[in-house]
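Asks: Take this structure, written in structure tokens, and hold onto it; I'll ask about it next.
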Amino acid sequence: AQLKDPRSVDALLDALASARKAGPMGAGLELAVIEALGAIGDVRASEALVAVVEQADEWDKARLAATKALGVLGDRRAAAPLARTLKGRCDWNLKREILAALGALRDPRTIELLIDVITERKQRRPAYDADVEYCEKALDVDLAKTLSTLSGEAFGQDVARWAEWWQANRERILAENP
């Protein structure tokens, strides 16, 4: 992968499948393969990387590396699965990396899902631990930034304005981005 040779993608995808079957014993290999696939930057790896991100019981470092790689690959087919993963079980580091990848992928079809996420997050209770609350607030800021990147609007964390804007622009945006 240091040579970024696209001819190695098929062999790396096979190695990724083998590492995933090996479970915890293959974790180190899995991480190295994911990082190599991201460095090569070939979209043929997208489907396998999405599978790693979507696997809720997957090792968090692998999910994080796969998310970073997907952001680099630029394959917009990964945007919807990444956005759905935000609503699932994952830590805030992974959520922040997903938001960074979504910003890089620039797929406005994920706006509606992100508005759902920001709406749900506005209803959360503050964390009892100051460090955790700091992380949660940072995630909220990243979420608003990603929405701004995708929409060109700057409504921050104002859920009502996002919902109103989406209602007015949804059909046009989805028609322009099938």
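Asks: Going down the list K4/K95; K122/K145; K95/K122, which pairs span over 20 Å between their C-alpha atoms?
Replies: K4/K95
Asks: Label-point separation (nm) for R89 and R170, each offset 7 Å from Cα along Cα-to-Cβ?
Replies: 3.1
Asks: Now a separate question. Can you tell me the FRET efficiency between A27 and R125 if r is taken as the Cβ-Cβ distance and R0 is 25 Å, rounded to the nearest 0.05?
Replies: Once the sixth-power term is evaluated, E becomes 0.15.
Asks: Calculated from DSSP H runs of 4 or more alone, at -39500 (n - 2.57) each and per residue, what is the 222 nm mean residue ellipticity of the chain, nearest 500?
Replies: -22500 deg cm²/dmol
Asks: Then there is this: For the chain, just say rounded, prolate or oblate: build the C-alpha gyration tensor, square-root its eigenvalues into a ≥ b ≥ c, call rounded for a/c under 1.5, and beyond that prolate if a/b exceeds b/c, oblate if not.
Replies: Oblate, because a/c is 1.5 or more while a/b does not exceed b/c.
Asks: Might you tell me the accessible area per residue for the chain, computed with a 1.4 Å probe and given in Å²?
Replies: 55
Asks: Something else: Keeping all protein chains in position, work out how much accessible area V141 exposes to a 1.4 Å probe, and write it in Å² to the nearest 10.
Replies: Accessible surface of V141 is approximately 60 Å².
Asks: Taking the Cα centre of region 1-154 as origin and charging only Cβ (+1 Lys, Arg; -1 Asp, Glu), how large is the dipole, in debye to the nearest 20?
Replies: 220
Asks: Quick check: from the Cα gyration tensor, does region 48-135 come out rounded (a/c under 1.5), prolate or oblate?
Replies: oblate
The values are calculated or read from the model by the stated rules, or taken from the named source; none is laboratory data. Given the structure is predicted, the values throughout are model-derived calculations rather than measurements. Neighbour counts run over all protein chains shown; Cβ positions are idealised from the backbone, glycine included. Only protein heavy atoms, including side chains, enter the accessible area calculation; ligands, DNA and RNA are left aside. Shrake-Rupley method; radii C 1.70, N 1.55, O 1.52, S 1.80 Å.
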